[in-house]
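First comes the structure, then the notes that go with it.
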Amino acid sequence: MRMVPHTEAENPSLPWEFTLLDSPVINAFALPGGKVFMSRGLAEKMTNEAQLAGVLGHEIGHVTAEHVPERIQTATNAGLLGSLASAIAGLGESAAIQQMTEAVVGYGGQGFLLSFGRGQELEADMLGMRYMSRAGDDPVAQRQEMAILAEAAGVRRAPEFLSTHPHPESRINQINELPSSDYAALTGTPGVGLYESRFRQRFLNPIASVPAPTASEHGERRGVVAFAWCGVCNPTVSETVE
C-alpha cells in the first residue's frame, strides 16, 4: 500500500487489495481493479522487504499499464474466456471483478494471467522499480528477486521465445541498462533500504505461524488465502477453502 500513492493518474483511488495464497507454487499475478495475488512459495524465498516490493510493484505495474484488460480481451477474442464472459455479462463492474477473482484464484492463477507478452513483463518491471524506489525500497532488490526466480526455474527451461515470461536473465539485463541516475544511485541513500529485520518480524514470522499444507492437501486446498491486505483493513488470516 505504500507504493499505491506513487502510481499514475487515477490509479491510487482503485480499491487495491493484496492477497497471499497458501500455495507452494512460485507465482504472482494481478486482476483488474487492483487485486494482486502472490504465493507463499514465492514469499518464503525472499530475504528482505524490498524484494517483496519488487514483486508487488511489478504486479501493480501490470494493473496501471492496463495489461490485464488487454490480456483478458485477447483471451476472450480467442474463445478462452467465453464461458466466464457469459457468466459475468450484465453484472456491475465490481461484481464482475469479484466473479473473475473467484474463478481465477480457484485455478491457481494459471492460464491467461500468466500469458502476458514479454514486452508487457519488461514494462511492468520498469514500473515496479519506479514505485518501489519512490516508496523507499532499494531497487537493487529487483535484481535480487530475479536471481531468486532464476534459481527456482533451474536449468531445464524452454527457449525464451517460446515462453510467456522473459527469462530472469533478460529482466536483469534490462534492469542493468536503466540509467544509473534513476535507480543505482539510490542504494545506500537515507530513507532507502532493504529492511531485512522488519521483513522477518512483520511478514515471514506471521507466515510461519500458518501450517504449510502437505503435498496432498495442496491439491485439495487450491486457492486458500493465508493473509489478505487491503487499503481499508489490517492483515487478516483465513483458512477458508475455496
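FRET efficiency for the residue 200 to residue 70 pair, using the beta carbon distance and R₀ = 30 Å, is estimated at 0.20.
Counting other Cβ atoms within 10 Å as a rough exposure proxy, the listed residues 35, 45 run 45, 35 from fewest neighbours to most. Ordering 187, 64, 19 by the number of other Cβ atoms within 10 Å of each residue's own Cβ, fewest first, gives 187, 19, 64.
In this label model, residue 189 and residue 118 are separated by 3.2 nm, measuring between points 7 Å along each Cα→Cβ vector.
The stretch between residue 208 and residue 25, if pulled fully straight at 0.36 nm per residue, gains 64.3 nm over its current Cα-Cα span.
Each value in this text was obtained by applying a stated rule to the coordinates, not by laboratory testing. These numbers were taken from a predicted model, which means no experiment stands behind them. Because the Cβ atoms are built from the backbone with ideal geometry, glycine has one as well, and the counts that use them run over all protein chains shown.
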